[in-house]
1. So, with a 1.4 angstrom probe, what is the percent of accessible area on the stretch 103-335 that is carbon and sulfur?
2. May I ask you to list the aspartates and glutamates whose Cα is less than 19 Å away from that of K297, ignoring any residue fewer than eight positions away on the same chain?
3. In nm², what is the average projected area of the convex hull enclosing the Cα atoms of the stretch 68-166?
4. Expressed as a fraction of 2.2 N^0.38 Å, the rule-of-thumb size for a compact globular protein of N residues, what is the C-alpha radius of gyration of the stretch 204-320?
5. Counting heavy atoms of the protein chains only and a 1.4 Å probe, report the per residue accessible area for the stretch 2-85 as a whole number of Å².
6. When the helices in the chain are scored as -39500 (n - 2.57) per DSSP H run of 4 or longer and the sum is shared across all residues, what 222 nm value do you end up with, to the nearest 500 deg cm²/dmol?
7. Per the Cauchy relation, a quarter of the hull surface: what is the mean projected area of the convex hull of the alpha carbons in the stretch 165-220, in nm²?
8. Roughly how large, in nm² to one decimal, is the mean projection of the convex hull of the alpha-carbon atoms in the stretch 2-85?
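The values are calculated or read from the model by the stated rules, or taken from the named source; none is laboratory data. Since the structure is predicted, the reported quantities are computational estimates derived from the model, not experimental observations. As a convention, Cβ positions derive from the backbone with ideal geometry for all residues, glycine included, and neighbour counts pool all protein chains shown. All accessible areas refer to the heavy atoms of the entire protein, side chains included, with ligands and DNA or RNA removed. Shrake-Rupley method; radii C 1.70, N 1.55, O 1.52, S 1.80 Å.
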Amino acid sequence: MLDKIKALKSEIEQITAGTFEDVEGLRIKYIGKKGIINQLFTDFKNVPSDKKKEVGQAMNELKNLATEKINNLKESFQTKISHSSGADLTMPGEPIALGTRHPLAIVKNKIISIFGRLGFIVAEGPEIEDDWHVFSALNFPVEHPARDMQDTFFIEKDPDILLRTHTSSVQIRVMENIPPPIRAIFPGRVFRNEAVSARSHCIFHQVEGLYVDENVSFADLKQTLLYFAKELFGVDSQIRLRPSYFPFTEPSAEMDVSCSLCGGKGCNLCKYTGWLEILGCGMVDPNVFEACNIDNKKYTGFAFGMGIERIAILLYGIKDIRLFFENDIRFLKQFESAF
Ligand code: PHE
């Protein structure tokens, strides 16, 4: 038996093959199910027990040798096949199509860069939040409609846990953790239980801004927003602030920017008003400071929040908000930008 194995070993060491089919033939002959080596394993039971160890070892070595040899032969043919496929390997390659940034990412980066020039840093908070950070600490009364199932997605098992409906929750997280002065913006995804249509979506993005220090005034807010509008929509842009209401700011306002399409004369985009509504803002309500353990006698601050989709729609003249979430490459590749 040992002699037989030795003979087979040297036989296998010598094998060569002219074609890929030859290799397959050799595989079947030596290591196939009914091949020579498997036959040896069947004969193994007749080996006297004191020889079993030695013979077994030799058989395993033989099997490994054959498998390796045949695999090597196979590989050499596979590479030969691709080399002889007729392709001209000196031809230049196909260019790789470069991706483009998502329009929402472009607009977000523009906003970050504009406020960055005013010294605002970027911070983020969780999308799954608790009632405290989204509502209670922001001075929402218990009976406020935003706390209703109709507007907010709650996590079923625990009504205290919900998907944040605005990035104002990050204001609270930041004020709880960083002592003033604070100058930061918070971009992020928000969720509202709304029917999806061309104009609204249940998922969208906001950028929140917060400035807290001694002697921060409404004039600071107005000048900051004017600078922002001119940087984003062009130097000729004007802003106007209309009184509004948010539980977490007092006084509160909504900001319009003069229509970037008609310059204020009136057109389809601004519905012949000359103005486009851009964001909500106001002076941080003293109750919010109190909830965050910030001395509301010493500090004042302003906050603002805007929808990124809304701004992208105005900047690029996009007709349907759903386009942002469909990932249609024909839509996405139109927004190449250095940002
Ligand atoms: N959180 C408000 C919204 O989602 C926007 C806002 C932010 C208003 C900050 C005032 C101050 O509509």
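1. 52 percent
2. Output for K297: E176, D213, E214, D220, E250, D285.
3. Result: a mean projected hull area of 16.6 nm².
4. In units of the globular-protein estimate, the stretch 204-320 measures up at 1.15.
5. 69 Å²
6. -12000 deg cm²/dmol
7. 5.0 nm²
8. That works out to 5.5 nm².
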